[in-house]
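Novice: One structure follows; several queries about it will come next.
The values are calculated or read from the model by the stated rules, or taken from the named source; none is laboratory data. Computed from a predicted structure; not experimentally measured. Cβ placement follows ideal geometry from the backbone for every residue including glycine, while neighbour counts extend to all protein chains displayed. Side chains included, ligands, DNA and RNA excluded: accessible areas come from the protein's heavy atoms. Shrake-Rupley method; radii C 1.70, N 1.55, O 1.52, S 1.80 Å.
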Amino acid sequence: MLEVEARRVRAILVYASDYENPGLERIPGARFNVERLRAALSAPELWGVPEERVTVIEATDSNDTLNAIADVVENLEVDDFLLFYYAGHGLLDDGDYYLATRRSRPDRAAFGSLQGKQLRSLIDGAGTDALSIIDACYSARIVDMGDQAQRFAEQIRGPRISTWVACGGSESAKAPLEAEHTAFTGALLHVLYEGIAGAEERLTVAQLQRAVKARITRLNAGRRKDELIPMPRSLSGTDLDEELVLVRNRAHVATSSVNVDGAADSITPVLPELVVSHEDGFRIGPLSSPISIIDGDGAHPILESNVTVTVLDRQIQLTGELAAWRAEIAEEQDRKRAAGENAFWNNPRYAVERVVVDRDDEERYSRIQLQLSRSDYYNFRATQRLDTPLRDGTTLRSRFLDGRHHDDVPAFMRNSFGVNVAVVTSDSRVVIARRAGTIGSQPGLWNSSVNEGLSRSLDAVGRREPNLFDVVRRGMREELGVFGDYDLRMLAVFVDTRNCQWGAYFVAYMDVDWSTLSQIMSRDIQDRFENTEFKAVPFTPESVLAFMLDQRQRDQWTTIAPPLFYLALVNRYGVGAVGRAFATAVARTA
């Protein structure tokens, strides 16, 4: 067996998602493949490859890409292990095989593309053991059948090279536009994060290959012939795949934990103490939040086209003691404003009348109908005095919230709907913000990357109905200074049952890394008063959980933030992998 130590791995991850020639369809999943593979390689619970030993290359043209690959290969040491990965289009030209770059042309693949022979020669000549993974159409052609026998003979005498491809030489790899990952790499990532039940603590290449084939077989069940995912192939031709021992087995790790002395203790595999429901809210061990998820599970984003917002011709008017409280708030803010002190603006906002959830005709995607009426910030502040005694000794909480389902709470108590966003950078960091102490609601606590309330003055231009996705885009501009493109996904609709606040969860995958984003934020943030601090936490289940459960900030979270980051992790890694990571984290804090 050849156990590959993480510290000796040099990984080169190459992708081509966008193309200048319209004859080549975009493959957005290629970029996400690389992002998630980089996170997987570096995650201590999977392999723990040092981040500086993972090189990501966007294939813009053949020369620049080959030079970037050569820069890494030429600096390899003899006992290093080279992991090469490519995701993009595979092209054929005059019998030769090419991997596409941004500037490739399907009719003249030889111009601007990576020639398979040249790339293979570069990797084969590195002088180290290696694993090449090619996720592209016709990818078995990366190794010419004519010289394969000679290549196998050479490996007996020198460095051993395993080659794993998405499909045969005449097959097309699958890369659905609407999918987060290409089919082959998606199956590989699933196996990496789910693990293999009953297998050893570390997995060989051959075990990964068999598990990926089994995963694809399950995915192909019931599909039409033209929808079938081709079976990946090993072109190693020797027992090398059985001998190469790589990543840790997540299914094995999930059966043990580490005590404070570092010794392994056997425990029963359990799901974390985590509940998202109407009755119990959200819990992770000692961390709890009164969030009830109305719809959405993180794994299946809610499409923008499936969200309808209607504003009813109705103005929320408070009466009785509530009207008196509202007047007090208005007078106090007027006094502060006249004295030159910080005062809250009575922002025209919305109240939630009703949230209706159903499914589309194929029962695949949620459809959300949000019905709103007109309200303002002073109404919100007055109705947030939930525990202030009324004249009869009751409170707003005991009158209108306790013992009621959120659908039965009257609309005049529901003067808030906001969007909350988990922002993930291209180098796999999630941005966590600390709210300023001067903010009116839940000040000084750790919160979502972006938090923005619906505003009638800002989000209903031309009297049109507000669009929740546009509200997020406004929040990204105002709170982070971000104007560029990003992949925005709606994860869920929720209600904070303790505070009677409603909202939607989103995740935004950025095209820029944390260093670049922090520079943008230092210059271009409009609402600098909103937050006082930002943390960039590695976007893995283990790292996010460690940050949330750290005793220094365990009790310093807004009610809305922990469920948001959980759903964002599920969107990236899947519920099984996140669940096991949470179980381990909770066990260690018990």
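Novice: Considering only residues of the stretch 200-216 that are buried (at least 16 other Cβ atoms within 10 Å of the Cβ) and not in a helix (DSSP H, G or I), which is farthest from the chain's Cα centre (by Cα)?
Specialist: The extreme case among them is THR204.
Novice: Does the stretch 505-520 hold any residues that are out of contact with any helix residue (DSSP H, G or I) (no Cβ under 6 Å at 6 or more places or on another chain) and of a type outside the set (A, V, I, L, M), and which are they? Lay out the reasoning, then the answer.
Specialist: Initially, the stretch 505-520 is screened for residues out of contact with any helix residue (DSSP H, G or I) (no Cβ under 6 Å at 6 or more places or on another chain), giving 508-520.
The answer is TYR509, ASP511, ASP513, TRP514, SER515, THR516, SER518, GLN519.
Novice: Within the stretch 217-264, can you find the residues that are open to solvent by less than 60 Å² (accessible area, probe 1.4 Å), of a type in the set (A, V, I, L, M) and modelled with pLDDT of 85 or more?
Specialist: Hits for the stretch 217-264 are LEU219, ILE229, LEU235, LEU244, VAL245, LEU246, VAL247.
Novice: Hey, ARG572 hits all of (1) part of a loop (DSSP other than H, G, I, E, B); (2) open to solvent by less than 20 Å² (accessible area, probe 1.4 Å); (3) among the charged types (D, E, K, R) but one; which does it fall short on?
Specialist: With (1) part of a loop (DSSP other than H, G, I, E, B); (2) open to solvent by less than 20 Å² (accessible area, probe 1.4 Å); (3) among the charged types (D, E, K, R) applied to ARG572, the lone miss is (1).
Novice: Can you tell me which residue is modelled with the lowest pLDDT among those in the stretch 1-47 that are farther than 23 Å from HIS89 by Cα and open to solvent by 30 Å² or more (accessible area, probe 1.4 Å)?
Specialist: MET1
Novice: From the list GLU479, GLU465, which one is among the acidic types (Asp, Glu), buried (at least 19 other Cβ atoms within 10 Å of the Cβ) and closer than 26 Å to VAL311 by Cβ?
Specialist: After applying the criteria, what remains is GLU479.
The rows are residues; the columns are (1) of a type in the set (Lys, Arg); (2) loosely packed, with under 13 Cβ neighbours inside 10 Å; (3) touching a residue at least 40 places away in the same chain (Cβ under 8 Å).
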residue: LEU312; (1), (2), (3): no, no, yes
residue: ILE316; (1), (2), (3): no, no, yes
residue: GLY320; (1), (2), (3): no, yes, no
residue: TYR365; (1), (2), (3): no, no, yes
residue: GLN369; (1), (2), (3): no, no, yes
residue: ARG385; (1), (2), (3): yes, no, yes
residue: GLY393; (1), (2), (3): no, yes, no
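Novice: Right, next: Have a look at ALA110, ALA70, ALA100, ALA11 and point out the one that is within 23 Å of MET510 (Cα to Cα) and not acidic (Asp, Glu).
Specialist: ALA11
Novice: For the stretch 21-52, name all the residues that are of a type in the set (S, T, N, Q) and touching a strand residue (DSSP E or B) at 6+ places or on another chain (Cβ under 9 Å).
Specialist: ASN33, SER42
Novice: Does ARG473 satisfy the condition of being closer than 22 Å to VAL309 by Cα and free of Cβ contacts under 8 Å to residues at least 40 places away in the same chain?
Specialist: yes
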